[in-house]
Each structure stands twice: as C-alpha cells, then as structure tokens.
Amino acid sequence: RLVSFVAGALVALVSATATYLIVAGPGPSRPAAGKYPSHVLLSPEDYIEIQQLMSFYPRDVDPGSVRDASWLFARDAVASLGATPLTTPEAFKKFYTGVKDGTYGGGNLGGVRHFNSSYVIVGTPDGGARGSSYMMQVERRTEGGPVEVTLFGKYEDKFVKTADGWRFKERVWAADTFRNSKQPVMPSP
C-alpha cells in the first residue's frame, strides 16, 4: 500500500510540475508568455481522472466489456461518431449497448480492439477541459488471419466535471484519410 501511495504521489507531482512548466511562461523548454492564453491549470487529480475517463472508453466500447460506454458521458452530452449525432442519454445507451453486444456494426462480438493514445488535456476558463487523443483500431477478421490496422483517426473532446466526476460533454470522431489528402485535419487543443 505504501509503494502504491508513493508511486501515485510521484505521478501526481511529475504531472503537476510538467504542466506548470509547459503553461507557466518562458524558459528554455517553455513557450513564451501568453502563448496559451485559454489554458487553465487543472489539479493533478483532475488530469489523472480525465486520462482514466479517456482510457475507459475503448475498454467499454470494444467486445467483452461488462459495461457499455454510455456512463462516460454527461446527461447533456453530444457526440458525433458517425452519421447520426448522439444527443440524449437514451440515444447514448442504445448506441453503446448495441456496439458492446454486436447489434451495431455488423454483429461484431470479437477480434477488434481500439487504442487511444497521445492524450492532450487542457483546462478551460469555464472550469471544464478540452482534450484530444489519437485512435487506432486493429482487428483479426478471420480465425488465424493477420492482425490488421483497419481504422485510425482522432477524437476531439470537451469535458465537464459533474457530481459523478469528469465526463465527456462533447466527443467528435474524425477518421484519417490518406497521405497527401487535401481533407483538413481537426486541430488539437
């Protein structure tokens, strides 16, 4: 227990120090003052909780989860993940239950994982946060077949702190296209 506590405290201290150095002002490895005028420092616990939220997402979307990912969203959240935006708790529940159970997306019940990485999280002046993460989906389409990268792109998020902790307020997904595509890429925070 003591080792876990010390490790957690060390992670929080390093996160807080790195964030301070990035946002605080000029220096050899820091941007000039005023470069990030819309960023607000969050507590180390807030950064960790938002990272956990972002990490739960693929685990509660991919096959085999006991939960569906609808719990990760605020009651008034909006998500643009495909053709039809999700705008109500009922729509989130129906969509994510269908994804988890295989009734959405062609009956997929296995062989698919997606990985989120390269998190960027910044506090906003309204007490919320913005974030971004890269996503890569891998799957094995046939028994014994090769593992293939079948989708990759980026999530852009807005977060809100609720009575139940941090939740997605808005989630937008955009698939990447191909090298030299003229389609613009969503900017990250």
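The values are calculated or read from the model by the stated rules, or taken from the named source; none is laboratory data. Source: prediction; values computed, not measured. Ideal geometry is used to build each Cβ from the backbone, glycine not excepted, and the neighbour counts take in all protein chains shown. These area figures cover heavy atoms from the full protein model, side chains too; ligands, DNA and RNA do not enter into them. Shrake-Rupley method; radii C 1.70, N 1.55, O 1.52, S 1.80 Å.
Surface analysis of the stretch 118-189 yields an accessible area of 62 Å² per residue, using protein heavy atoms and a 1.4 Å probe.
Which whole-number percentage describes the relative contact order of the stretch 99-189, with Cα contacts under 8 Å and a sequence gap of 6 or more?
Values: 156 pairs, mean separation 19.7, N = 91.
Rounded, it is 22 percent for the stretch 99-189.
Classify the stretch 88-189 from the C-alpha gyration tensor, please: rounded if a/c falls under 1.5, else prolate or oblate depending on whether a/b exceeds b/c. In terms of gyration-tensor shape, oblate. In the stretch 43-189, the portion of solvent-accessible area held by carbon and sulfur atoms comes to 54 percent [1.4 Å probe, whole percent, DNA, RNA and ligands not counted]. Ordering Gln183, Gly64, Gly145 by the projection of their Cα atoms onto the charge dipole of the stretch 59-189, which places +1 on the Cβ of Lys and Arg and -1 on the Cβ of Asp and Glu, puts Gln183 at the extreme positive end.
Restricting the chymotrypsin sites (Phe, Trp or Tyr not before Pro) of the stretch 150-185 to loop positions (DSSP other than H, G, I, E, B) with no more than 10 neighbouring Cβ atoms within 10 Å leaves Phe178.
Do any trypsin sites (Lys or Arg not before Pro) in the stretch 106-189 lie in a DSSP loop with no more than 16 other beta carbon atoms within 10 Å, and if so, which? Numbers along the way, then the final one.
Details: sites: Arg113, Arg130, Arg140, Arg141, Lys154, Lys158, Lys161, Arg167, Lys169, Arg171, Arg179, Lys182; in loops: Arg141, Arg179, Lys182.
Those satisfying the criteria are Arg141, Arg179, Lys182.
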